[in-house]
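Since the structure comes first, as structure tokens, the remarks are kept for the end.
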């Protein structure tokens, strides 16, 4: 009889720090990214409405990944080039 360990061989993981926070979002562009996880689009739409009501000096751009659960490299490059911040919505 042969018994295998269910633990497998996990990769070594190293922590990364978060991106620095801007001192203010006034006059900035914030990308609201629907990663196409369950209900994330609905959440991003509600967040866009909240920001426009409570922080009208913040520009939002609601965008969506090309495919669910797959990093969208082209969109990431657009956000780096044109955005000041991003919120990734992962749904419920």
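The values are calculated or read from the model by the stated rules, or taken from the named source; none is laboratory data. These numbers were taken from a predicted model, which means no experiment stands behind them. Here the Cβ positions follow ideal geometry from the backbone for every residue, glycine too, while neighbour counts run over all protein chains shown.
Checking 53, 29, 60 one by one, the residue that is surrounded by fewer than 16 Cβ atoms within 10 Å (Cβ to Cβ), in contact with a strand residue (DSSP E or B) (Cβ under 9 Å, 6 or more places away or on another chain) and at pLDDT 95 or above is 29 and no other.
So which residues in the range 71-87 are assigned to a loop (DSSP other than H, G, I, E, B) and touching a residue at least 40 places away in the same chain (Cβ under 8 Å), if there are any at all? Within the range 71-87, 83, 84 qualify.
Residue by residue, here is whether (1) in contact with a helix residue (DSSP H, G or I) (Cβ under 6 Å, 6 or more places away or on another chain); (2) closer than 11 Å to residue 89 by Cα holds:
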{"residue": "13", "(1), (2)": "no, no"}
{"residue": "17", "(1), (2)": "no, no"}
{"residue": "20", "(1), (2)": "no, no"}
{"residue": "27", "(1), (2)": "no, no"}
{"residue": "32", "(1), (2)": "yes, yes"}
{"residue": "36", "(1), (2)": "no, yes"}
{"residue": "43", "(1), (2)": "no, yes"}
{"residue": "49", "(1), (2)": "no, no"}
{"residue": "52", "(1), (2)": "no, no"}
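Being at pLDDT below 90 and either closer than 17 Å to residue 83 by Cα or in a helix (DSSP H, G or I) (or both) is true of residue 41.
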